[in-house]
Amino acid sequence: VVTILGANGAGKTTTLQTISGLLKAKSGNIIFDKNDITKCEAHDIVTLGLSHSPEGRRVFGTLSVEENLMMGAYTLKNHDKETLAWIYNILPRLQERKKQLAGTLSGGEQQMLAIARALMSSPKLLMLDEPSLGLAPKIIGELFETILRLREEGITILLIEQNAFAALEISDWAYVLENGEIALEGHGKELLKSDDIRAKYLGA
């Protein structure tokens with residue numbers, strides 16, 4: 001788990017959108033799994049094993065939970081029933097609500113659905129943009145437990161998160177962005193001890 005911290009406007013979301021092909025890089029190169037994906041289209045990047053769960057959930061409200069999940073597998077020639085079963089095992093609440101319209105789910109359930117939809121393409125790297133935004137503390141705890149379980153399943157996670165304390169607690173490495181530049185980096189729990197980080201992001 002790698003976390004990117006930074007104030008609003010530092011370039012966090014822009015970074016993820018550029019990696020996933022939603023925005024085009026103005027300079028430099030993006031290398032993923034030994035492939036130069038700088039000029040690749042977003043749908044081609046997904047097929048290489050990179051998936052992006054954007055800020056704001058953006059589920060398809062008029063489709064069922066399971067239909068939303070199937071949309072996450074659109075790049076695959078065959079819908080992977082094993083992947084669907086694996087997701088339902090990790091997130092059993094989604095299986096309970098698989099026929100329910102996504103727009104009628106709670107905020108926490110919609111966030112879990114957004115993450116699960118991104119997992120349907122069987123990514124090597126999962127990028128999560130502000131997954132805890134707007135969620136109750138109890139639900140945030142469940143969310144981070146899910147992120148840790150995904151790490152245990154062998155999925156690399158690039159995380160942007162407003163809850164800096166929770167993010168650094170589970171991060172193997174973290175970067176701090178300031179005006180599009182890396183200002184600081186280190187092990188998550190080491191950065192928790194930084195006076196600068198505590199003052200800026202932890203309110204301590």
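All of Leu133, Leu94, Leu63 fail the test of being under 24 Å from Gly21 (Cβ atoms) and under 18 Å from the mean Cα position of the chain (by Cα), apart from Leu133. Screening Leu119 with (1) in contact (Cβ under 8 Å) with a residue 60 or more places away in the chain; (2) closer than 21 Å to Ala164 by Cβ; (3) not small (Gly, Ala, Ser) gives one miss only, at (2). Could you tell me whether Leu168 is under 21 Å from Gly6 (Cα atoms) and either assigned to a strand (DSSP E or B) or at pLDDT below 90 (or both)? Here the answer is no, as Leu168 does not meet what is asked. Within region 1-12, residues that are under 13 Å from Leu184 (Cβ atoms) and assigned to a loop (DSSP other than H, G, I, E, B) sit with their Cβ atoms under 8 Å from residues that are open to solvent by 10 Å² or more (accessible area, probe 1.4 Å) and among the hydrophobic types (A, V, I, L, M, F, W, C), at 6+ positions apart or across chains, in these pairs: Ala10/Leu177. Pairs are defined by a Cβ separation below 7 Å, a sequence spacing of at least 6 or placement on different chains, a first member in region 154-172 that is farther than 12 Å from Ile140 by Cα and touching a residue at least 24 places away in the same chain (Cβ under 8 Å), and a second member that is among the β-branched types (Val, Ile, Thr) and part of a helix (DSSP H, G or I); the pairs so defined are Ile157/Ile147; Ile160/Thr13; Ile170/Ile147. Scanning region 119-130 finds one or more residues that are open to solvent by 40 Å² or more (accessible area, probe 1.4 Å) and either more than 29 Å from His187 (Cα to Cα) or of a type in the set (Ser, Thr, Tyr) (or both). Any residue in region 75-85 that is touching a strand residue (DSSP E or B) at 6+ places or on another chain (Cβ under 9 Å), within 24 Å of Thr15 (Cβ to Cβ) and open to solvent by less than 60 Å² (accessible area, probe 1.4 Å)? Looking through region 75-85, none of the residues is touching a strand residue (DSSP E or B) at 6+ places or on another chain (Cβ under 9 Å), within 24 Å of Thr15 (Cβ to Cβ) and open to solvent by less than 60 Å² (accessible area, probe 1.4 Å). Among residues of region 40-56 that are closer than 11 Å to Gln17 by Cα, those with a beta-carbon under 6 Å from a residue that is open to solvent by 30 Å² or more (accessible area, probe 1.4 Å) at least six positions away or on a different chain give the pairs Ala42/Leu22.
The values are calculated or read from the model by the stated rules, or taken from the named source; none is laboratory data. Owing to the predicted nature of the structure, the values given are computational and were not obtained by experimental measurement. Using ideal geometry, Cβ is built from the backbone for each residue, glycine included, and neighbour counts are taken over all protein chains shown. Note: areas computed on protein heavy atoms with side chains; ligands, DNA, RNA excluded. Shrake-Rupley method; radii C 1.70, N 1.55, O 1.52, S 1.80 Å.
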